[in-house]
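FYI, it's all coordinate maths here, none of it is from the lab. As the structure is a prediction and not an experimental result, all values here were calculated from the model. Quick reminder, even Gly has a Cβ in these numbers, built from the backbone with ideal geometry, and neighbours come from all protein chains shown.
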Amino acid sequence: MSATIAEPAQVPLHLGDVPQAPPRRPRVLLIGTAFAAAASVAVFVGLFAVYFSVRSQVVADGTAWLPGGATIPLAPGNMTMVTLAMSLVTVQWAVHAAANRDRGHAYTALGVTILFGLAHITQIAFLFTEWQLPLNGDAVTTQAVLLFTILGLQIAMTGAALIFLGLMAVRSLGGQFTGPDAEGLSAAALYWYVTVAVYSVIWYSILIVK
């Protein structure tokens, strides 16, 4: 006689009663920051185009680009470029720590990044006092207006990036933008990367090449 094997009883799964997974949080802040960064880059591209065009015309006429007595010292610009390069490491450190819910390291990295940003602003302000390009009176030149405009806007961009980082640090104190929801710090870091990239172009094409 052959033994018959009974089939196991079918257990109803009731899949209809299983709640759906919550929808993935849209990356609105990150996308908005990318658009803001692109707009900032577009402004500087226009300024660079004007600067290079005017400089090429002056040089083509056989005239020195910087007026007599004006110099651009290398030390402040080089030091602040090194400072911003180090800040790229610390801001990514903050993003990585926040993603792993390591608030201690995240706050430390954000604090160091903000300190680097303030040092950058201080060094550029010192540079303004060293290159002897007047912005008032009859001695004002096109070179002075362009240089102060480009570097002044870069300082404003740095200030906006520092405020962004500070706000994200405060939001993280309450548990937001940490772990899987570390989008805020990632967005702030993205804008910081663009800020440093803009200055790197200024550093080489204006402060080094002159």
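A few notes on this one:
- Value of D in µm² per second that Stokes-Einstein yields for segment 73-210, Kirkwood Rh from Cα pairs, at 10 °C (1.306 mPa s): 101 µm²/s
- Mean Cβ neighbour count within 10 Å, used as a protection proxy, ranking 116-123, 30-37 highest first: 116-123, 30-37
- The orientation-averaged projected area of the convex hull spanned by the Cα atoms of segment 48-93 comes to 4.7 nm².
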